[in-house]
Amino acid sequence: MNGRGLIVTGGSRGIGAATARRAARDGWQVVVNYHGNAAAAEAVVQAIADSGGDAIAVQGDVAREADVLALFDRAEAAFGPVGGLVNNAGILDRAAPLSEISSARWQRVLQVNATGSFLAAREAVRRMTAAATGGVIVNLSSMAAPLGAANEFVDYAASKGAVESMTIGLAREVGRAGIRVNAVRPGLIDTDIHGDAGIPDRARALAASVPLGRAGSAAEVAEAIVWLLSDAASYVTGAILPVSGGR
Ligand code: NAP
C-alpha cells in the first residue's frame, strides 16, 4: 500500500496548482511546494481544505539539495510516507536564440528544471525504497523536448530532454521496487509561465497551429497527471504522454 502523501513541486500556480487541487479530490494528502509566492500556495491549500482535503504549503527551491531534503522531511512529518511526487516546478527565460543565451541563464534553467527534478526524484526513490512502500513519480516534460524551441528557449528544451531521459532510465531502475515513473509532455498551455518569457498571450496567439485549434488548460494537464498517479495506470511506467492537442 502506497502512502497517500503527495509532493507537488511548484504547486502555487498553473499546472502545479491545478494538479494539487485535482489530486486532493482523489484522496492524496498534498504538499504544495512553492518558491516565492507564499500567498498563492496558501490559497491552494485553503481551496483544498474547503473541499474537505488535506494539504500544507512548504517553501523550497528545488534547485537546492538542502531544500529538497527538507521538503520531504516536512511531507513525512505531516502525512507519513510519501507515496507520490509530481516534479512540476519549472522555469522559462525570455525568448531568445541560442547565440544570445548566457551561461548563467543556461545553468539556472538546467538547475531548476533538470537538476531539481533529479534531486526530488532521487529523494522520492530513496524514501519509497527504504519504507518498502513503492510509489509513483510524474515528471513534467514539454513538447519543447522533441520540437527544440528554436529561436525561443533551446535551453528550456534541453532541460526537458534531460527530464525525459531520466524518466525512461529511472523507470527501468525502480520498477521492481514497485515505483512507477512517467512524464507528461504539455503543449501550449494557458498559464502565467508565458509572461515570464515576455509573451503573456503566447498560448492563445499560437492556438491556430494546434491540431485541436486551441491552447490547453492547466486543469486538462492535471487530469493526465492524476491519472498517471492513480492505480488506473498501474501497468504504465517509463511512458512519455503528450498532452498537447496534437501539436
Ligand atoms: P508557472 O505557471 O510558471 O508555475 C511555475 C511554478 O513553479 C510556480 O508555482 C513557481 O513557484 C514554481 N517554481 C519556479 N521555480 C521554482 C523553484 N526553483 N523551486 C520550486 N518551485 C519553483 O508554470 P506552468 O505553466 O504551470 O508549468 C508547470 C510545468 O509544466 C513546468 O515544468 C513547465 O516547464 C511545464 N510546461 C508548461 C507548459 C505551458 O505551456 N504552460 C508547456 C509545457 C510544459 P512560485 O510562483 O511560488 O515562485
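Please work out how much length the chain gains when fully extended from R64 to D201, using 0.36 nm per residue of separation minus the C-alpha to C-alpha distance, in nm with one decimal.
46.2 nm is the gain from fully extending R64 to D201.
What do you get for Rg/Rh over the chain if you use C-alpha atoms and the Kirkwood form of Rh?
Numbers: Rg = 16.8 Å, Rh = 17.8 Å.
Rounded to two decimals, Rg over Rh is 0.95.
Does anyone have the angle between helix 65-79 and the longest principal axis of the chain? Alpha-carbon axes, 0 to 90°, nearest 10?
The helix 65-79 is inclined about 50 degrees to the chain.
Given the options G216, G60, G80, state which has the largest fluctuation in a GNM of the chain using a 10 Å cut-off (strictly under) for Cα springs.
In this elastic network of the chain, the residue with the biggest mean-square fluctuation among G216, G60, G80 is G80.
Once the Cβ-Cβ distance between E173 and A208 is put in as r, and R0 is 45 Å, what FRET efficiency do you end up with, to the nearest 0.05? Each step should come with its number before you reach the end.
Values: r = 42 Å, r/R0 = 0.92.
Given R0 = 45 Å and the Cβ-Cβ separation, E is 0.60.
In Å, what Kirkwood hydrodynamic radius results for region 74-115 from the alpha-carbon pair distances?
12.9 Å
Specify the residue with the greatest mean-square fluctuation among R180, R126, R108, computed from a Gaussian network of the chain linking alpha-carbon atoms under 10 Å apart.
For the chain, modelled as a Gaussian network with Cα springs under 10 Å, the answer is R126.
What percent antiparallel are the DSSP beta bridges of the chain, to the nearest 5?
The answer is about 0 percent antiparallel.
So if I average 1/r over every pair of distinct C-alpha atoms in region 179-247 and take the inverse, what Kirkwood radius in Å does that give?
This gives a value of 13.0 Å.
Put +1 on the Cβ of each Lys and Arg and -1 on the Cβ of each Asp and Glu in region 5-243; which of I101, A150, M166 then has its Cα farthest toward the positive end of the dipole?
M166
For the chain, what does the helix formula give at 222 nm: sum of -39500 (n - 2.57) over DSSP H segments with n ≥ 4, over the residue count, nearest 500 deg cm²/dmol?
It lands at -13000 deg cm²/dmol.
To the nearest 10 degrees, how steeply does helix 116-130 sit against the main Cα axis of the chain, on a 0 to 90 scale?
Roughly 20 degrees, rounded to the nearest 10.
Helix 14-25 versus the longest principal axis of the chain: what angle, 0 to 90°, nearest 10, using Cα atoms?
Helix 14-25 and the main axis of the chain meet at about 30 degrees.
When the chain is treated as a GNM, springs tying every alpha-carbon pair under 10 Å, which of A121, A41, A49 comes out with the largest mean-square fluctuation?
Answer for the Gaussian network model of the chain: A49.
Determine, for each peptide in 192-198, 73-79, the mean count of other beta carbons within 10 angstrom over its residues, then list the peptides with the highest first.
73-79, 192-198
Taking amide H atoms as placed 1.01 Å from N in the peptide plane, list the residues 5 or more away in sequence, or in a different chain, whose amide H sits under 5 Å from that of V243.
R185, G187
Every read-out reported here was derived from the displayed coordinates using simple, explicitly stated rules and does not represent laboratory data. Keep in mind that what you see is a predicted model, and the values were worked out from it rather than measured. Positions of Cβ are backbone-derived with ideal geometry, glycine not excepted, and every protein chain shown enters the neighbour counts.
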